[in-house]
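The values are calculated or read from the model by the stated rules, or taken from the named source; none is laboratory data. Remember, it's a predicted structure, so these values are computed and weren't measured experimentally. Cβ sites come from the backbone with ideal geometry, for glycine too, and all protein chains shown count toward neighbours.
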Amino acid sequence: MLLEPSPQPIEDKESTQFKVTFLQPGTDRIQEHVDYDFIIIKGGQEVFKASANTGQPLLHTTEGTVAIPYKFEEQGDYTVRIVMAGIRFIPINSETAEFAINVTPEFPAGIVAPLAAALAFAGILKRTSFKMK
């Protein structure tokens, strides 16, 4: 199983797309028709469960690849838990994969230009030597 969040780094207050690819065991081939759930946990508490938004106990992917959006409201350490409970419409003993992720503080756009200018100016000062006579 692969988990690919985008964009990187993950920032709070920004929408993140989690691309989940289910792979056949021991291969890089995509496993089609998977029943699964996608859960985000912070501090031991479930903060998001994809199936809860559908009213169904599980989600299903026909293609074996899904994109799940989520917007983090706080920075910090999270766990993404993906539970697989069926393959090709046949229930299996649940298999779980967990991924640790870190959400960084949002970097305000209004600071980017002044900060870049300040860093450029500091670089110029560092390369310029002043001599007193």
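Looking at the stretch 30-42, I want the residues that are surrounded by fewer than 16 Cβ atoms within 10 Å (Cβ to Cβ) and have a partner that is charged (D, E, K, R) with Cβ atoms under 9 Å, at least 6 apart or on another chain. Which pairs are those?
What qualifies is Ile30/Glu63; Glu32/Glu63; Glu32/Arg88; His33/Glu63; His33/Arg88.
Modelled with pLDDT of 95 or more and in a strand (DSSP E or B) - does that describe any residue in the stretch 104-118? Please lay out each step first, then the result.
Filtering the stretch 104-118 for residues modelled with pLDDT of 95 or more gives none.
No, the stretch 104-118 contains no residue that is modelled with pLDDT of 95 or more and in a strand (DSSP E or B).
Going through the stretch 1-29 one residue at a time, which ones are without any contact (Cβ under 8 Å) to a residue 12 or more places away in the chain, of a type outside the set (D, E, K, R) and at negative phi?
Residues of the stretch 1-29 without any contact (Cβ under 8 Å) to a residue 12 or more places away in the chain: 7-8, 24-29.
So of that shortlist, the ones also of a type outside the set (D, E, K, R) come out as 7-8, 24-27.
Scanning the stretch 1-29 gives Pro7, Gln8, Gln24, Pro25, Thr27.
Just a yes or no: is a residue in the stretch 31-52 touching a Pro at 6+ places or on another chain (Cβ under 6 Å), of a type in the set (Val, Ile, Thr) and part of a strand (DSSP E or B)?
The answer is no, given that none of the residues of the stretch 31-52 is touching a Pro at 6+ places or on another chain (Cβ under 6 Å), of a type in the set (Val, Ile, Thr) and part of a strand (DSSP E or B).
When you look at Asp28, is it over 16 Å from Phe18 (Cβ atoms), out of contact with any Pro (no Cβ under 6 Å at 6 or more places or on another chain) and part of a strand (DSSP E or B), yes or no?
no
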